[in-house]
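Every read-out reported here was derived from the displayed coordinates using simple, explicitly stated rules and does not represent laboratory data. In this text, all values refer to a predicted model and were calculated from it rather than measured experimentally. Cβ placement follows ideal geometry from the backbone for every residue including glycine, while neighbour counts extend to all protein chains displayed.
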Amino acid sequence: MDLLHILPIVNASLNALSGVWLLIGYVLIRRKRIQAHKRFMLAACITSIIFLISYLTYHYLGGMTRFAGTGWSRPVYFALLTSHTILAVTIVPLAILSVFNGLKMRVAQHRRVARWTFPLWMYVSVTGVLVYFFLYHWFPSR
């Protein structure tokens, strides 16, 4: 199996793992475990950066999969993909601000930005995995 066939599952796994780290980090901060929260949120950031590198590598190498679904699945898939893509771009500056303020212990600013960053980032993580399933398992083009 070549790299172009492996990278989609790697990308979906990294999206899922980032979502898990985010959720654990959220639970930890609700329990006032600040240092553990910090570690898991940084793990989510690192996982997302690795995802981005892998995603860009896949597309640089010519990877592209056309959606093969028909009927109801097409508008559902494209609505999901569109919202996923727009929010994926949107969370980059929000995540940077959240991490920056969190590391500087600017708690009020961190909370203000993280209140938006967390749910949007979770949505992007979950929908990234759903896009993978739509393309490669539920409506494969091969």
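Count Lys and Arg as plus one, Asp and Glu as minus one, and take only other residues whose Cβ is under 14 Å from that of residue 81; the net charge is then +2. Which of (i) -0.24, -1.20, -1.51, -1.68; (ii) -0.31, -1.08, -1.25, -1.33; (iii) -0.37, -1.10, -1.20, -1.25 is the computed log10 I(q)/I(0) by the Debye sum over Cα atoms at q = 0.09, 0.19, 0.21, 0.22 Å⁻¹ for the structure on display? So the structure-derived entry is (ii). Evaluated at q = 0.27 Å⁻¹, a Debye calculation over the C-alpha positions of the stretch 61-142 (equal weights, vacuum) places log10 I(q)/I(0) at -1.20.
In whole Å, how far is the Cα centre of the stretch 8-30 from that of the stretch 94-118? Going from one Cα centre to the other spans 18 Å. Given the options 79, 95, 43, which has the most mean-square fluctuation in a GNM of the chain, springs set between C-alpha atoms less than 10 angstrom apart? It is 79.
Quick check for me: using +1 on Lys/Arg Cβ and -1 on Asp/Glu Cβ, what's the dipole size of the chain about its Cα centre, in debye to the nearest 20?
Details: 14 positive and 1 negative charges, 175 e Å.
In total the dipole reaches around 840 debye.
In deg cm²/dmol, rounded to 500, what helix-only [θ] at 222 nm does the chain give when every DSSP H run of at least 4 residues adds -39500 (n - 2.57) and the total is split over its residues? Each step should come with its number before you reach the end.
Numbers: 4 runs with 113 residues, N = 142.
Calculated at 222 nm, the ellipticity per residue is -28500 deg cm²/dmol.
Of the chymotrypsin sites (Phe, Trp or Tyr not before Pro) in the stretch 1-89, the ones in a loop by DSSP (not H, G, I, E or B) with at most 14 other beta carbons within 10 Å are 72.
Could you give me D for the stretch 32-80, from Stokes-Einstein at 4 °C and 1.567 mPa s, where the hydrodynamic radius is the Kirkwood radius over C-alpha pairs? Units µm² s⁻¹, please. Estimated diffusion coefficient is 93 µm²/s.
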